[in-house]
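Worksheet: the structure to be examined is printed underneath.
The values are calculated or read from the model by the stated rules, or taken from the named source; none is laboratory data. From a predicted model like this one, the values you see are computed outputs, not experimental measurements. Quick reminder, even Gly has a Cβ in these numbers, built from the backbone with ideal geometry, and neighbours come from all protein chains shown.
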Amino acid sequence: MIQKLSLLLSVLILFFTSCEKSSNSDIIVNEDVITFFELNASQYIVNPSDSVLTGKYEKFSFSEGDTVSHDNWDVAFRGTTIIVNGGDSYNINQPERIGNAAVYIATGVMLDIRTVDLSKLEQDNTSGPAIVDDLGISGDGWASYDMSTHIISPIAGRILVFRTHDDKYAKMEIVYYYDSPNPDPSNGDYGGYYTFNYVYQSTGEINF
């Protein structure tokens, strides 16, 4: 009798353990998240008379996973400004756009952004970039500026969702803006070094 009870208990434990593993496996989502460290978008000059920026945009390709110098780029960075390879330029200092890239900002956690909302995608235009670049004044962009420390920080929960120049999709979370752990803007440490996580959907499907 004791042996039968022991056997029954073992079977029940094995059964519930299997159910638990099966249940957990249903909610685990594996993503190919890639981290890019310190993309250098600091090569610009600020005109003190009108605060207008001039200088190089650093272009990035999701398919190549790196910065590029050719025209098949997806997103480009200069200071806090982020542009896409689609739409129209709004000043003469921007790289040529030959693609169909677009973007919007989703709110949440990277893992939770599972589908691209095509209705929200916007391209740059002659009035400005699709990604708001106002250092947190409106609360609609990706970054905020601390008046006391002069530190620029990514706003938590802002996920940039892209259509690439060739109609693929990607999502990005900017995690840091400096190349040092303790930036000191008072000594000229103005940042412009993007560290970000991203997921690239190379098939053209809108689901990640």
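Things worth noting here:
- Residue within the stretch 156-172 that is in the same structural domain as I105 (by TED's automatic domain parsing), at pLDDT 95 or above, part of a loop (DSSP other than H, G, I, E, B) and of a type in the set (A, V, I, L, M, F, W, C) present: yes
- Those residues of the stretch 127-167 which are surrounded by 19 or more Cβ atoms within 10 Å (Cβ to Cβ) and farther than 30 Å from G188 by Cβ, in sequence order: A130, I159, V161, F162, R163, T164, H165
- Any hit, the stretch 108-119, residues being at pLDDT 95 or above, more than 19 Å from I34 (Cβ to Cβ) and charged (D, E, K, R): yes
- The number of residues in the stretch 75-94 that are buried (at least 18 other Cβ atoms within 10 Å of the Cβ) and assigned to a loop (DSSP other than H, G, I, E, B) comes to 4.
- Filter pass, D124 being surrounded by 14 or more Cβ atoms within 10 Å (Cβ to Cβ), of a type in the set (D, E, K, R) and modelled with pLDDT of 95 or more: yes
- Condition met for D117 (more than 24 Å from W73 (Cα to Cα) and not β-branched (V, I, T)): no
- Only residues that are over 24 Å from N72 (Cα atoms) and not in a loop (DSSP other than H, G, I, E, B) were counted across the stretch 97-114, and they come to 5.
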